[in-house]
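So the structure is just underneath, and the comments pick up after that.
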Amino acid sequence: MVEGVSNVAARIVEETAKCGIKLVASLPDTWISDLIEAFDKDERFIHVPVNREESAIGLCSGAFFSGTGALALMGASGFMTCVYALTKINYTYQIPLLLLVTLRGGLGDRAKYHVSNGLYLKPLMDSISMPYTIVDSPEKVSVISTAYAHSRVISRPVVVGFTRGVLRGER
Amino acid sequence: MKLRECFEYIAGRWKSELVILSAGNCSEMWWEVTRDSERAFYLEASMSLASMFGAGIALGVPRTPVWVFSGDGAFCMNPGMLMVERQMNLPNLKHFLVSNRCYGSTYEARLPNASANDYASMARAMGIERVYRFDSLDALKRDFASAVAQPGHVFTVLEVEPVGKKLEEPPMDGPEMKYRFGRYIERLAGVRIFDGSLF
């Protein structure tokens with residue numbers, strides 16, 4: 001495990017718990033593997049590994065109707081596959097949802113197969129008027145609570161995007 | 001069996017269950033039969049996620065049965081939903097697969113591998129223990145109670161004929177449906193869904 005990663009994961013988990021979120025639905029990305037493990041081991045959460053990212057959108061959107069706070073956790077590639085679910089379910093019915101997403105393909109990402117995410121993820125979010133905020137330092141993790149509250153206020157999804165530096169403990 | 005007769009029978013046994021309908025024939029036929037706009041959520045603006053949506057509800061209101069009706073067109077887009085359902089194993093989630101072997105809401109366009117798809121076997125292969133398949137109204141009437149009334153996650157395949165015509169869509173806009181359904185759950189289950197002031 002990269003030094004510092006578990007501290008950031010712990011901060012994210014604590015901030016998520018502060019929101020009153022109970023359900024975490026996830027699909028892995030190497031950058032969030034320890035974060036997913038942290039949610040899985042924390043008894044304050046019900047962690048549900050899902051078969052595809054759209055299932056996380058469906059599950060978390062349904063959870064809203066039981067008064068259960070929910071978080072969808074996924075990589076950038078997975079988020080890119082969710083445009084249909086987000087715009088049809090969450091936009092049509094105005095269902096709030098918090099998403100934590102990796103900013104793959106950004107500065108520092110050495111994976112060539114994530115170049116497209118670096119090019120198109122933010123423009124895609126802009127194109128569907130998806131509110132998002134970037135966490136590029138551990139000190140900004142507290143924005144998770146703000147984003148969660150904002151999603152409830154606007155009755156729409158809000159994305160919190162994490163850089164490699166934050167998730168991998170790199171400067 | 002005919003979808004209308006099937007839904008009329010099931011709707012006749014509908015008590016306090018929450019109902020989630022997938023896009024197309026499921027939503028439209030349930031609306032035609034029941035005209036309900038509070039206890040049912042017509043997930044017309046989505047394909048393949050009705051059971052996940054229902055699972056999210058069932059998780060948070062464990063004393064309330066949740067009936068989900070998915071079309072097999074939607075199911076084919078995301079059969080892995082059964083893996084998540086099995087993993088969650090929610091005792092109050094009852095998933096009905098309405099199998100008409102076509103894309104019913106798009107003029108009954110062909111479904112891939114339609115005649116050979118064995119949805120019940122797929123569910124069993126994913127470890128779901130209580131799987132039922134009904135291809136006649138008589139069989140449904142005979143075993144409905146044991147299939148649905150008992151606690152435990154259930155996957156039930158309803159083999160129906162294509163409807164053969166376009167049905168009327170439920171007339172509610174998305175936000176109206178959200179508030180009607182959400183307020184009903186608040187009253188039914190005593191949970192708080194809608195925020196007043198957050199902080």
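Worth pointing out:
- Qualifying strands (runs of 3 or more DSSP E) (wholly inside the stretch A:53-171; at least 1 residues being within 14 Å of another protein chain (Cβ to nearest Cβ)): A:69-74, A:97-102, A:157-162
- Per this entry, B:Phe75 is not counted among residues that are assigned to a strand (DSSP E or B) and within 17 Å of the chain's Cα centre (by Cα).
- Long-range neighbours under 6 Å by Cβ, at least six apart or interchain, first residue under 16 Å from A:Ala63 (Cα atoms) within the stretch B:167-188, second β-branched (Val, Ile, Thr) and not in a helix (DSSP H, G or I): B:Gly182/B:Ile193; B:Glu186/B:Ile193
- Flag for B:Val84 being within 14 Å of chain A (Cβ to nearest Cβ) and aliphatic (A, V, I, L, M): yes
- Matching entry among B:Leu97, B:Leu43 (being touching a helix residue (DSSP H, G or I) at 6+ places or on another chain (Cβ under 6 Å), more than 11 Å from chain A (Cβ to nearest Cβ) and farther than 23 Å from A:Lys22 by Cα): B:Leu97
- Unmet requirement for B:Ala189, which otherwise passes all of (1) at the interface with chain A (Cβ under 10 Å from one of its Cβ atoms); (2) over 20 Å from A:Gln94 (Cα atoms); (3) surrounded by fewer than 19 Cβ atoms within 10 Å (Cβ to Cβ): (3)
- Of all the criteria given as (1) in a loop (DSSP other than H, G, I, E, B); (2) surrounded by 23 or more Cβ atoms within 10 Å (Cβ to Cβ); (3) away from chain A (no Cβ under 11 Å), the one not satisfied by B:Ser37 is (2).
- All conditions in (1) in contact with a Gly (Cβ under 9 Å, 6 or more places away or on another chain); (2) within 14 Å of B:Ala23 (Cβ to Cβ) hold for B:Leu93, with the sole exception of (2).
- Candidate set: the stretch B:46-68, residues that are in a loop (DSSP other than H, G, I, E, B) and not small (Gly, Ala, Ser); chosen: the one farthest from the other protein chains (Cβ to nearest Cβ): B:Pro65
- Single residue of the stretch B:118-162 satisfying the filter (in contact with a helix residue (DSSP H, G or I) (Cβ under 8 Å, 6 or more places away or on another chain) and within 16 Å of B:Ala74 (Cα to Cα)) that is surrounded by the fewest Cβ atoms within 10 Å (Cβ to Cβ): B:Met122
Throughout, read-outs are computed from the coordinates displayed, never taken from laboratory work. These figures come from a predicted structure and were not determined experimentally. Ideal geometry is used to build each Cβ from the backbone, glycine not excepted, and the neighbour counts take in all protein chains shown.
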